[in-house]
Each structure stands twice: as structure tokens, then as C-alpha cells.
Amino acid sequence: MTHAPSRARSGSGRPAEAPATLSTARREDSGGAARGGGALVTGASSGIGAAVARRLAAEDCWRLVLNGRDRARLEEVARGTSALVFPADLCGPGAERRLAEFTLDRLGQVDLLVAGAGIGWAGPFGTMPQSAIDEVFDVNVLATLHLIRLLLPHMVRRGTGRVVVIGSLAGTVGVRGEAVYSAAKAALGTFAEAVRYELRGTGVGISHVVPGVVDTPFFDRRGVPYRRSRPKPVPASRVADAVWEAVSRGRDEVYVPGWTRVPGRVRGAAPGLYRRLAARFG
């Protein structure tokens, strides 16, 4: 069956070019736990990003800037808190720069960046329009990497901070009907792993939070609801708790729920067995 392009954003969005070097302020640790300060959350207008924003606001030790595409929903998430909002599509020209400048201007410094903006598309790869391929990579990968590149050097110069990248189990094992989304999330996971080595000794850390299926509007917005009987979706608040664990404990990688780490290990240890199981059970 041919699928029309289906997409789902969870929200999104360069300051003057910041130095790319990560070699300054070296220490022997690889980035410890964040203890509060200025925080930026992207994708904060709904789903995981909104849950993360509320979790951080509840800790009462963060000054927050929230970014998402939907102004009304973003303001609803911020209501009752001191959070500032910056509605923007991060794929718009210069949007990442403007967001980074706004955040640094209003907060003075960024101690935490939670990159939660994302978009999905479901259907056979052969029917996926080129524009949809570009958009999935633009939102999930390029906008995220551009924003991190702009803010990370500020953390490194100060010798403290943490970046949290929201990945997906699809990026660990690959999911039928979500080839490009799986590839985009795999790119984020590999990026986080590689940058972690560069950050060693700077006092800055990068965490990769890997959710399985999450009960958010993500599936409905992409036009293809989640129909599998397993795994069962977990609430977005559970992913927000995993983000807080990564931030407060300085964790490099957190899977939500924890058992979702197993498929990737089976795939790595016994790829033939994994593929047979995946073909049978989907």
C-alpha cells in the first residue's frame, strides 16, 4: 500500500559562529552531573520535550528557555513557571543561531541543553518523498547538531555543562517502515558517542537517552498510529525521569524502559538470530 508522506514533529530550531574547538579547560573527568543553572529544552511544546520541561521546572533549580514550533502549546507548558519561551522551527534560516543568542542573552550561560525536537515518518522507503527524507534529517539531525555546535564551546570554556540527546530504540535496532527515522536516530547516537570522547577531561558531558515506544501525540501526528501489541508505550514522564537521571547522575546512556537495551545487545552478539526474530515478530 502506498503511504502519503506522514510526519510528526515534537517541536523545534545558529548565534555568531562559535569556536568549534573542545580542547580548552581540560580536566580528568568526562563530564559530571549537572546541579542546576541555565537550561534550554527543544521540542518542548509537546510529548517528551514538554515532559522534560515540566520535570526540570519541578526541581526549582533551573532557569529555563523552552523552544517548540507551537506557540500556544509552548506557553501552556511554561504557564505557572518562570520559563521563557522561544517559538521557532529550528529548520528555518538562522533559527538555531537566534535561539542560541536568545538563550545566552537571557540566561547568561547554558548549563544544560536537552535536544528533544524530532519528526517521524512511517511507510515503505520506496514511497517516501525526497522532501520527507530531507525533513527527517534536517529536524532530527542537522538542526540538533547545529545547535549543539553553537552552545557546546560555551560549556567547555566554563568547564561545566551537559548535553542530553533524545534518541530512539529505532536508531539502535532499525524498525520496519521507519528506515529514514531509524537512520536519523542512529546518527544521533553515534554522534553522542563520538563527541563524548572529544569531551573527555573538559568537565562537560553528553548523554544519550534512548526511549522505546512512548505514549505521545508523535504517532498520530505522523499519520500512522502505533498498532503493535508490544512493546507497550510508556508515559512521556518516564522518559523525563530518565533525562533527569542522566543529568543528575552524569549518566552517558539511559534506556527507557531498561529492558530495551537487550535487543541491541542481541543484535550485536547474534545478528542472524536477531534478524530471524525481528522478521517473525516485527
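Within segment 68-95, can you find the residues that are over 18 Å from the mean Cα position of the chain (by Cα) and open to solvent by 50 Å² or more (accessible area, probe 1.4 Å)?
Arg71, Ala72, Arg73, Glu75, Glu76, Arg79, Gly80, Thr81, Ser82, Leu84, Pro93
Check segment 183-203 and report whether any residue there is of a type in the set (Asp, Glu) and over 24 Å from Gly258 (Cβ atoms). Talk me through it step by step, then tell me what you get.
Initially, segment 183-203 is screened for residues of a type in the set (Asp, Glu), giving 193, 198.
From what is left, the residues that are over 24 Å from Gly258 (Cβ atoms) are 198.
The answer is yes, given that some residue of segment 183-203 is of a type in the set (Asp, Glu) and over 24 Å from Gly258 (Cβ atoms).
Quick one: in segment 113-135, of everything that is surrounded by 24 or more Cβ atoms within 10 Å (Cβ to Cβ) and of a type in the set (A, V, I, L, M, F, W, C), which residue is farthest from the chain's Cα centre (by Cα)? It would help to see each step written out before you state the result.
Here is the first cut: in segment 113-135, the residues surrounded by 24 or more Cβ atoms within 10 Å (Cβ to Cβ) are 113-121.
Still in the list and also of a type in the set (A, V, I, L, M, F, W, C): 113-115, 117, 119, 121.
Details: Leu113: 10, Val114: 6, Ala115: 4, Ala117: 6, Ile119: 11, Trp121: 16 Å.
Per the stated criteria, the residue is Trp121.
Give me the residue from segment 76-92 that is in a helix (DSSP H, G or I) and in contact with a Ser or Thr (Cβ under 9 Å, 6 or more places away or on another chain) and, out of that set, nearest to Phe137 (Cα to Cα).
Looking at the filtered set, the residue picked out is Val77.
Kindly establish whether Glu59 is in contact with a strand residue (DSSP E or B) (Cβ under 8 Å, 6 or more places away or on another chain), open to solvent by 60 Å² or more (accessible area, probe 1.4 Å) and not aliphatic (A, V, I, L, M). Break it down into steps so the answer makes sense when it comes.
On the way: in contact with a strand residue (DSSP E or B) (Cβ under 8 Å, 6 or more places away or on another chain): no; open to solvent by 60 Å² or more (accessible area, probe 1.4 Å): yes; not aliphatic (A, V, I, L, M): yes.
When the stated conditions are applied, Glu59 does not pass them.
Yes/no matrix, rows are residues, columns are (1) closer than 22 Å to Gly37 by Cβ; (2) modelled with pLDDT under 85; (3) open to solvent by 10 Å² or more (accessible area, probe 1.4 Å):
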{"position": "Gly161", "(1), (2), (3)": "yes, no, no"}
{"position": "Ser168", "(1), (2), (3)": "no, no, yes"}
{"position": "Thr172", "(1), (2), (3)": "no, no, yes"}
{"position": "Glu178", "(1), (2), (3)": "no, no, yes"}
{"position": "Phe191", "(1), (2), (3)": "no, no, yes"}
{"position": "Asp215", "(1), (2), (3)": "no, yes, yes"}
{"position": "Gly223", "(1), (2), (3)": "no, yes, yes"}
{"position": "Arg227", "(1), (2), (3)": "no, yes, yes"}
{"position": "Lys232", "(1), (2), (3)": "no, yes, yes"}
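List pairs: first in segment 84-104 and within 17 Å of Asp134 (Cβ to Cβ), second of a type in the set (Lys, Arg), Cβ under 9 Å, 6+ apart or cross-chain?
Filtered contacts from segment 84-104: Asp89/Arg9; Asp89/Arg69; Leu90/Arg69; Gly92/Arg98; Ala95/Arg14; Glu96/Arg14; Glu96/Arg149.
The values are calculated or read from the model by the stated rules, or taken from the named source; none is laboratory data. All of these numbers come straight from a predicted model, not from anything done at the bench. Positions of Cβ are generated from backbone atoms using ideal geometry, with glycine treated the same way; all protein chains shown enter the neighbour counts. We work out accessible area using only protein heavy atoms, side chains counted, and drop any ligands, DNA or RNA first. Shrake-Rupley method; radii C 1.70, N 1.55, O 1.52, S 1.80 Å.
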